[in-house]
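Okay, so here's the structure we're looking at.
What follows is calculated from the coordinates using simple rules that are stated; it is not laboratory data. Bear in mind the structure is a predicted one, so any value in this text is a computation, not a measurement. With ideal geometry, Cβ positions are generated from the backbone for all residues, glycine too; neighbour counts draw on all protein chains shown.
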């Protein structure tokens, strides 16, 4: 069977990128990023983006193509992904999406809410209000206007609280209501092979710890230091390990303390990723990469 696209999901540090690279070489594919942090050009080490050597073997798209200071969204990624698919098809290559951001995969297969763009004056006013009163007070205001959406958000999450507040101010409709009417998916009517890498928890924990050690050795601390002062309301401020590594650079945490904090937060994040995948991607083909490999799984499901 010939597939129009391949989707490869999995938790952070599960070996997705290497698996995608091997499959791309095997079937003539283009690797397309589906991870919300790997889009940022200023943090290739901290986000574990493919190396120059990997990019020389197979073309990679949507890695490091925006600045950490941009308000990049899943809606923008959806548009970028559509262009990347067209680019892959123009080269007669199979688009292979790989990453750990569940909403990106949903944009491909299920569609997104068709929320109109927020006018700049409303966005600026909402941001100024956040700066003035703080995220918890803004969450309280959101609760008054849009209690359903507010109940689904942590009061300490400036990015999501600000987004929900902006949408209500701009449209007069709750964000949760917009999400009930998604637009057409990017891969509508496409033949898709979809996989989730599911390594054993002890192996994944060990990989996460080893990755952070390697990041420090390869220049991750300098990247973290260069991102000092990044607006906490920007999506890139959620970059895993950023704050503890900045604390290490400032001398307020030791190397061991910074690594322990970063590794613990990343393990918790990986657990949330897997919970999301189980709830939203049960129909994907799940496999343990220590027992099988992606090429074998692909061949078995292409027969």
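Extension gain for residue 26-residue 213 works out to 64.2 nm (0.36 nm per residue, less the C-alpha to C-alpha distance).
With R₀ set to 45 Å, the beta-carbon distance separating residue 82 from residue 290 gives a calculated FRET efficiency near 0.85. In the chain, the DSSP beta bridges split such that about 5 percent are antiparallel, to the nearest 5. Residues 55, 188, 2, ranked from the fewest to the most other C-beta atoms within 10 Å, line up as 2, 188, 55. Packing-based ranking of 103-112, 160-169, 258-267 yields 160-169, 103-112, 258-267, ordered from highest to lowest mean Cβ neighbour count within 10 Å. Mean sequence separation of contacting Cα pairs (under 8 Å, at least six apart), scaled by the length of region 63-180, corresponds to a relative contact order of 22 percent. With a simple spin-label model that places each label point 7 Å from the Cα along the Cα-to-Cβ direction, the separation between residue 55 and residue 124 comes to 3.5 nm. Label point of residue 278 set 7 angstrom out along Cα-Cβ; within region 1-22, amide nitrogens under 14 Å from it belong to 11. Would you mind classifying region 120-179 by shape? Square roots of the alpha carbon gyration tensor eigenvalues, ordered a ≥ b ≥ c; an a/c under 1.5 is rounded, otherwise it is prolate if a/b is larger than b/c and oblate if not. Cα axes put region 120-179 in the oblate bin.
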